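Single-structure report; data block below.
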Amino acid sequence: MTGIDIKEFSVHNSRFTILKILKQAEEKFRMSGVPNPRLDAEALLSRVLDIDRVGLYTQYERILSEEEVNNFFGLVERRNKREPLQYILGNTEFFGLEFVVTPDVLIPRPETEILVEKALNRVKSYELGVMSKNKKNSKLRTPDSELKILDLCTGSGCIAVTLAKEIEGVKVYGVDISAKALRVAKENARRHEVEERIRFIQGNLFESFTIHCSRITDHGFRFDLIVSNPPYIPSSEINFLQEEVKDYEPREALDGGNNGLSYLKRIIKEAPDYLKSGGSLLLEIGYKQKERVFEIAEEREIYQTPVIINDFAGIERVVKLNIR
Ligand code: GLN
């Protein structure tokens with residue numbers, strides 16, 4: 001017999017090295033308009049091979065097994081249909097911590113780290129929250145009485161867990177209407193070993209704390225700080241969001257009603273009944289919602305002048321409302 005062995009030839013030719021397969025996936029993503037094509041291809045391959053990015057760069061010529069190739073293309077296919085990378089990987093980073101994410105929860109965003117930072121600053125400035133001065137990077141402490149923080153619409157628990165991790169002796173209450181989301185939040189609290197400091201409650205905003213149906217505490221229970229990143233996208237704008245968001249993230253975590261303000265409005269109106277005097281409300285808001293949010297706060301007549309904090313893109317993103 002002469003000529004080449006077809007089988008041998010095709011096997012040889014279909015052999016993928018790390019570099020070759022990365023290029024192929026990158027090209028596929030680029031063609032279909034997936035943002036960050038190379039980065040995502042690398043993240044997916046890192047997952048399949050269980051090595052970090054640097055590991056990929058140092059082994060560009062490594063030949064992959066058929067199983068590795070198939071697993072990788074399976075993930076590439078999912079990402080190509082615009083499933084968010086974080087759902088495929090099952091985790092994401094927030095405030096330097098790793099969080100489990102599933103399609104039951106909103107993927108934590110970098111902007112929300114600003115809210116956490118402001119909450120930590122607020123705690124630092126409370127009389128009862130003193131920073132240990134002698135140690136750098138030491139955790140915040142609340143030595144005298146327990147500091148109570150409420151996180152409404154806790155979702156993945158990224159805000160609640162981060163605050164619990166950063167503030168010693170704090171008691172955080174994380175509320176969400178979705179039982180499925182709370183399962184993810186609890187898992188995150190467990191992984192970061194702060195279960196003792198957080199109580200997760202299924203409920204609609206403040207309902208679990210109201211006088212008449214308080215399953216949690218007696219009347220008079222108040223928080224030092226209330227934080228929330230509620231759904232604030234106007235319903236009519238959801239269909240214009242990128243596919244990753246509109247097709248995959250939970251709509252109930254995004255949709256803020258007609259003008260996007262329905263949750264923000266309820267929270268601003270009701271929060272004073274659950275805040276200690278001198279307490280604060282910190283809220284994440286959406287594009288161009290500041291004016292209206294300020295008006296709602298001013299109508300309540302119990303808050304000091306509202307303060308706005310911009311995000312990295314210069315968009316007005318976090319509102320701070322202190323009780324008079
Ligand atoms: N608190 C979570 C976050 O900030 C979830 C917010 C939400 O579901 N709207 O990511």
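The values are calculated or read from the model by the stated rules, or taken from the named source; none is laboratory data. Note that the structure is a prediction, hence the values are computed from the model and not measured. With ideal geometry, Cβ positions are generated from the backbone for all residues, glycine too; neighbour counts draw on all protein chains shown.
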Inset, instruction - Quick one: V100 ticks every box in (1) within 13 Å of the ligand (Cβ to nearest atom); (2) in contact with a Pro (Cβ under 7 Å, 6 or more places away or on another chain); (3) not small (G, A, S) except a single one, so which number is it? - result: (2)
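Per-residue answers, yes or no, for (1) in a helix (DSSP H, G or I); (2) away from the ligand (no atom under 16 Å from the Cβ):
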{"residue": "A41", "(1), (2)": "yes, yes"}
{"residue": "I51", "(1), (2)": "no, yes"}
{"residue": "R78", "(1), (2)": "yes, yes"}
{"residue": "D104", "(1), (2)": "no, no"}
{"residue": "I114", "(1), (2)": "yes, no"}
Inset, instruction - Among the residues of segment 230-276, write down those that are surrounded by fewer than 16 Cβ atoms within 10 Å (Cβ to Cβ) and within 12 Å of the ligand (Cβ to nearest atom). - result: R251, E252
Inset, instruction - Mind counting the residues in segment 300-324 that are outside any loop (DSSP other than H, G, I, E, B), under 16 Å from E117 (Cβ atoms) and among the hydrophobic types (A, V, I, L, M, F, W, C)? - result: 5
Legend entry - Selection count where residues are within 28 Å of S236 (Cα to Cα) and surrounded by fewer than 14 Cβ atoms within 10 Å (Cβ to Cβ), scope segment 277-294: 2
Inset, instruction - Would you tally the residues in segment 143-179 being farther than 25 Å from E270 by Cβ and either touching a Leu at 6+ places or on another chain (Cβ under 6 Å) or at pLDDT 95 or above (or both)? - result: 3
